[in-house]
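Asks: Take this structure, written in C-alpha cells, and hold onto it; I'll ask about it next.
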Amino acid sequence: MSSSSQIAKLQLGDQTYELPVRVGTEGNRAIDISKLYAMTKHITLDDGYGNTGSTMSTITYVDGEAGVLRYRGYPVEEIAERCDFTETAYLLIYGELPKGEELEKFRTNIRRHTLLHEGMKTLFAGFPPSAHPMAILSSVVGALAIYDKDSGDPGDPIQSEMAIYRMLAKMPTIAAFGYKQSIGQSFIYPNNSLTYCQNFLHMMFAVPSEQYEMDVDFVNALNLLLILHADHGQNCSTSAVRMVGSSNVNLFSAISAGICALWGALHGGANEACINMLEGIMAGGRNLGKYIDKAKDPDDPFRLMGFGHRVYKNYDPRARLCKTVCNRLIEKYGGEDPLFELARELEEIALSDPYFIERKLYPNVDFYSGIIYRIMGIPKNMFTVLFALGRVPGWIAHWREMHLSPTNRIHRPRQLYTGHTERKFVPLIKR
Ligand code: ACO
C-alpha cells in the first residue's frame with residue numbers, strides 16, 4: 001500500500017545518506033528513517049511524536065488541514081448515517097463492510113459473550129463509591145485476563161478472535177456495572193435480544209422493580225457518538241494499545257492501558273473537563289471574555305477544553321455531527337439548554353478571535369459530546385467511559401493490524417540522553 005520511488009538526501013558532515021520516501025495512498029509522504037541509526041549512529045528527535053509516523057496503517061485516514069475523517073476509505077459522515085456501531089466495528093477491525101451473513105455471525109458472536117464471570121462481581125464490590133468509573137473500567141478490563149485465560153495468546157488466531165468478541169461484548173457490561181456499583185443499585189444483566197446500544201442503556205438505566213422505557217433518539221444518539229469515537233489513527237490511547245500490545249501481552253491488558261491513556265484531560269477526559277468548564281463559566285456569572293483571556297494568556301495553564309487538536313487544523317468533522325445531534329435533541333426536549341447556548345457563544349467568540357484563528361484552534365469532538373450525554377442523563381464521570389466504549393473497535397483494529405504485520409516487533413523508542421556524564425559515587429555519610 002506504499003511506494004518509495006523518491007529518495008531524501010541527508011547531509012551529515014561530509015557524508016550524504018539516502019533515505020527512501022514512502023508515499024501513502026492519499027499522497028501523504030514519510031521519510032523512512034528505520035535504517036538511519038544503523039547507517040549514521042544518529043537518531044531523530046521529536047518530542048511528543050508530532051512529526052513521527054510510528055507505523056503504516058490502512059485503518060483510518062485523517063486529513064487535519066481539510067477536516068476529513070474516513071474509516072477504511074469511507075467518510076465518517078456516511079458511516080454515521082448508514083451503519084450501526086457493530087457494523088462499523090466490523091469494518092474497522094476486518095477492513096471491509098460485512099455481507100449480511102458475516103454481520104449476523106459477528107453480532108451473534110458478540111452476544112454470546114456479554115456476561116461477566118460471576119466472580120468478577122466481587123471486584124466491583126471492592127471499589128469505594130467515590131472511585132472514578134475510568135479507574136474501575138481499566139482495572140476490570142485488565143482483570144479479564146484473569147478470567148478469560150483461553151484468549152490470551154495474540155499469536156494464536158483462534159484465541160485472538162475469541163479475545164476480540166469478548167472485549168467488544170463485555171465492555172458495555174463492565175461500564176454499566178461500574179456505574180450501578182457507584183450509585184448503589186443492583187447490576188442489570190445484559191439482555192441479548194437488544195442491540196449493542198440498547199443493551200448498554202438498558203444495563204445503565206433499568207432497575208429490577210420497573211419496566212425501562214427506552215428513548216429511540218437516545219439510542220440513535222449513542223450509536224452516533226460511539227461511531228464518531230470508534231477510531232482516530234495513532235492518537236495517545238491507540239498508540240498506548242499498540243505500544244503495550246507490541247510486547248505480545250493479551251488484548252485485555254493492552255486495552256486496559258489504552259483506557260488509562262484515554263482518561264487524561266488532554267485526551268478523552270476532555271469531554272468531562274469541557275462540561276466542568278462550561279458549568280464553571282455559568283456559575284461564575286457567564287463572563288466569557290474572562291475565560292477567553294485566560295485561555296490566551298501564556299502564563300495561565302487554563303485551556304479552552306474541547307478546543308484544539310494535534311491533527312485537525314480545521315473544524316473537526318465529528319464536532320459538526322455532534323452539534324447537529326445536540327440541536328435535534330434540544331429541540332425535542334424543550335427547545336433550550338443553557339449549557340448548549342453557552343457553548344455555541346463560546347465557539348462563536350473563539351472562532352472570530354485572532355488567537356484561535358492564527359493557531360487554527362476549532363472545536364473538537366469533545367466540545368459538544370458532553371452536552372449530548374447530559375441530555376441523555378449520563379453522569380459526567382461516565383462521559384470518558386462512553387468514549388472508551390466507542391474506541392474499543394479502533395483499539396482492537398490497531399492491535400490486530402500490528403500483530404498481522406510481517407514487520408511487527410516490540411515498540412522501543414530511543415532517547416537523546418542529556419543527564420550527567422559518569423560521576424564518582426559519594427557515600428551517604430559524605431553527602
Ligand atoms: N485553548 C487555548 N490555547 C490552546 C488550546 C486551547 N484549547 N489548544 C492549543 N492552544 C494553543 C497552545 O497554547 C499553543 O499556543 P502557542 O503556540 O502560543 O504556544 C498552540 O495553541 C498550539 O497548541 P499545542 O499545545 O502545540 O497543541 P498540541 O497539539 O500539543 O495539543 C491538544 C493538542 C492537547 C488537544 C490541545 O489543543 C488542548 O490542550 N486542547 C484542550 C484539551 C482538549 O480538548 N483535548 C481533547 C482533544 S480531542 C481528543 O482527544 C479526542
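The values are calculated or read from the model by the stated rules, or taken from the named source; none is laboratory data. Computed from a predicted structure; not experimentally measured. Ideal geometry is used to build each Cβ from the backbone, glycine not excepted, and the neighbour counts take in all protein chains shown. For accessibility, only protein heavy atoms count, side chains too; no ligands or nucleic acids. Shrake-Rupley method; radii C 1.70, N 1.55, O 1.52, S 1.80 Å.
Asks: Applying the selection to segment 353-386, what residues are open to solvent by 10 Å² or more (accessible area, probe 1.4 Å) and hydroxyl-bearing (Ser, Thr, Tyr)?
Replies: Residues satisfying the conditions are Tyr355, Tyr362.
Asks: Another question, if that's okay. If only one of Gly306, Gly268 is under 26 Å from Thr60 (Cβ atoms), within 13 Å of the ligand (Cβ to nearest atom), out of contact with any Gly (no Cβ under 9 Å at 6 or more places or on another chain) and modelled with pLDDT under 95, which one is it? Write out each step before concluding.
Replies: Values: Gly306 fails: out of contact with any Gly (no Cβ under 9 Å at 6 or more places or on another chain).
Result: Gly268 is the single residue among Gly306, Gly268 that is under 26 Å from Thr60 (Cβ atoms), within 13 Å of the ligand (Cβ to nearest atom), out of contact with any Gly (no Cβ under 9 Å at 6 or more places or on another chain) and modelled with pLDDT under 95.
Asks: Which pairs do you get when a residue that is within 12 Å of the ligand (Cβ to nearest atom), found in segment 38-57, comes within reach of a residue that is outside any loop (DSSP other than H, G, I, E, B), reach meaning Cβ atoms under 8 angstrom, with the pair 6+ apart or on two chains?
Replies: Tyr49/Ser239
Let's see how each residue does on (1) open to solvent by less than 10 Å² (accessible area, probe 1.4 Å); (2) among the hydroxyl-bearing types (Ser, Thr, Tyr):
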| residue | (1), (2) |
| --- | --- |
| Leu144 | yes, no |
| Asp156 | no, no |
| Ala169 | yes, no |
| Tyr179 | no, yes |
| Gln185 | no, no |
| Pro190 | no, no |
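Residue-by-condition table, conditions (1) in a helix (DSSP H, G or I); (2) open to solvent by less than 30 Å² (accessible area, probe 1.4 Å); (3) within 17 Å of Phe367 (Cβ to Cβ); (4) away from the ligand (no atom under 11 Å from the Cβ):
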| site | (1), (2), (3), (4) |
| --- | --- |
| Ala240 | yes, yes, no, yes |
| Met243 | yes, no, no, yes |
| Val249 | no, no, no, yes |
| Ala273 | yes, yes, yes, no |
| Lys290 | yes, no, no, yes |
| Gly334 | no, no, no, yes |
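Asks: Please note which helices (runs of 4 or more DSSP H) are completely contained in segment 34-144 and include at least 1 residues that are among the polar types (S, T, N, Q).
Replies: On the way: elements: 36-40, 76-82, 85-94, 100-111, 121-126.
It comes to 36-40, 85-94, 100-111, 121-126.
Asks: Sticking with this structure for a sec: Of all the residues that make up segment 292-303, how many are open to solvent by 60 Å² or more (accessible area, probe 1.4 Å), within 8 Å of the ligand (Cβ to nearest atom) and either under 20 Å from Ala230 (Cα atoms) or part of a helix (DSSP H, G or I) (or both)?
Replies: The total comes to 1.
Asks: Let me ask something additional. Does Leu262 qualify as being among the aliphatic types (A, V, I, L, M), exposed (fewer than 14 other Cβ atoms within 10 Å of the Cβ) and either assigned to a loop (DSSP other than H, G, I, E, B) or within 9 Å of the ligand (Cβ to nearest atom) (or both)?
Replies: Values: among the aliphatic types (A, V, I, L, M): yes; exposed (fewer than 14 other Cβ atoms within 10 Å of the Cβ): no; either assigned to a loop (DSSP other than H, G, I, E, B) or within 9 Å of the ligand (Cβ to nearest atom) (or both): yes.
So Leu262 does not fit the description; no.
Asks: A follow-up question, please. Suppose the filter is in contact (Cβ under 8 Å) with a residue 24 or more places away in the chain, under 22 Å from Ala230 (Cβ atoms) and more than 16 Å from the ligand (Cβ to nearest atom); does Arg400 pass it? Spell out how you get there, then give the answer.
Replies: Values: in contact (Cβ under 8 Å) with a residue 24 or more places away in the chain: yes; under 22 Å from Ala230 (Cβ atoms): yes; more than 16 Å from the ligand (Cβ to nearest atom): yes.
Against the criterion (in contact (Cβ under 8 Å) with a residue 24 or more places away in the chain, under 22 Å from Ala230 (Cβ atoms) and more than 16 Å from the ligand (Cβ to nearest atom)), Arg400 qualifies.
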